[in-house]
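The values are calculated or read from the model by the stated rules, or taken from the named source; none is laboratory data. If you're wondering where the values come from, they're calculated on a predicted model, not measured in any experiment. Neighbour counts run over all protein chains shown; Cβ positions are idealised from the backbone, glycine included. Each accessible area value is taken on the protein alone, full model and side chains, heavy atoms only, with ligands, DNA and RNA left out. Shrake-Rupley method; radii C 1.70, N 1.55, O 1.52, S 1.80 Å.
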Amino acid sequence: MRQEIDETTASGPAHVAIIMDGNGRWAQQRGRPRLFGHHAGARRVREVLQACPGHGVKYLTLFAFSTENWKRTQTEVAGLMLLFRKYIQREAQALLDNGVRVRFIGDRIRLDEKLVSLMDELELLTAGNDLIHLTIALNYGGRDEVTRAAKRLAYEIEMGRLTHKDVDAETLARFLDTHVLPDPDLVIRTSGEARISNFLLWQSAYAEYEFVDTLWPDFTAAEFGRVLAKYGQRERRFGAVLA
Ligand code: IPE
Ligand code: IPE
Ligand code: MG
């Protein structure tokens with residue numbers, strides 16, 4: 001997996017974010033419980049992650065659990081939480097060895113203590129890596145993130161460390177969970193749904209979107225490559241008129 005970024009693909013997206021959707025339907029199609037699909041989905045992550053350096057993708061952000069996903073059955077939620085713990089334990093060494101720096105975004109307050117300590121440990125363990133930056137969004141919601149950022153900003157003002165005159169987009173962004181990350185260039189959603197479901201609302205202001213019909217457990221490195229190639233043909237204008 002350790003390979004240098006291919007300069008010829010440098011015009012590709014540096015930051016790709018993925019809404020990994022369709023695990024439940026994938027399992028249903030096979031007459032299996034939804035959790036079976038989540039396990040299959042988790043196994044897909046490695047392949048897509050490994051493909052990143054070859055395509056010049058330096059940042060990969062994955063939506064694993066939303067602030068709205070607590071509405072699911074207790075069985076599914078508990079199974080997912082256990083899966084996240086297992087995933088961290090199983091993958092930690094390989095992530096470390098392969099130059100992956102892992103970060104988590106989302107509100108940790110509602111997560112199980114054991115899971116949170118595994119997340120903290122993995123962040124610390126991989127903090128020296130720089131080949132690829134993997135961010136996992138867990139109990140993440142864009143509105144929740146902006147709300148928490150606004151609250152912390154208000155607190156800084158209350159404490160007299162900032163004033164209302166300091167509040168601009170750049171300052172607010174410093175309080176977001178993603179403050180150390182560049183904005184995503186490309187957001188991919190699998191499973192045929194064409195919505196963003198509260199993912200990276202602020203950060204995706206100028207992201208390109210790709211919606212693919214494939215269910216996440218079937219999403220291969222080859223398909224990932226095709227989506228990235230399509231991105232390369234787009235013209236990003238950022239509000240300007242290009243000559
Ligand atoms: C995405 O797959 C994974 C999570 C939201 C945790 P889904 O579980 O949403 O799968 P579908 O959309 O029901 O098929
Ligand atoms: C979005 O998928 C969240 C994740 C992929 C983790 P959902 O399946 O929860 O989104 P909706 O409910 O279809 O909008
Ligand atoms: Mg879904």
Among all stretches of the chain without exposed chymotrypsin sites (Phe, Trp or Tyr not before Pro) (DSSP loop, at most 16 other Cβ atoms within 10 Å), which one is longest? 1-201
Calculate I(q)/I(0) for segment 1-105 by the Debye formula, one identical point scatterer on each C-alpha and no solvent, and give its log10 at q = 0.19, 0.20, 0.21 Å⁻¹ to two decimals. -1.04, -1.11, -1.18
Multiply the residue gap between A243 and K86 by 0.36 nm, knock off their C-alpha separation, and tell me the result in nm, one decimal place. 51.4 nm
Accessible solvent surface per residue of segment 135-243, calculated while the other protein chains remain in place, 1.4 angstrom probe, Å²: 55
Filtering trypsin sites (Lys or Arg not before Pro) in segment 130-178 by DSSP loop and by at most 16 other Cβ atoms within 10 Å leaves R161, R174
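Once you have the Cα-Cα distance between T171 and L131, take 0.36 nm times their residue separation minus that, and quote the gain in nm to one decimal.
Extending this stretch completely gives an extra 11.6 nm.
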For segment 127-210, what is the charge dipole size about the Cα centre, in debye to the nearest 20, if Lys and Arg each add +1 at the Cβ and Asp and Glu each add -1 at the Cβ? 340
Karplus 3J(HN,Hα) series, Hz, for segment 100-112 with 6.51 cos²θ - 1.76 cosθ + 1.60 (x for Gly, Pro): 8, 9, 9, 9, 10, 10, x, 8, 7, 4, 8, 8, 4
With r as the distance between the Cβ atoms of E47 and R234 and R0 = 25 Å, compute the FRET efficiency 1/(1 + (r/R0)^6) and round to 0.05. 0.55
Please list, ordered by chain and number, the residues whose modelled amide H lies under 5 Å from the amide H of F104; skip anything fewer than 5 residues away on the same chain. I136
Inter-label distance, nm, simple model (7 Å from Cα along the C-beta direction), M159/T73: 4.5
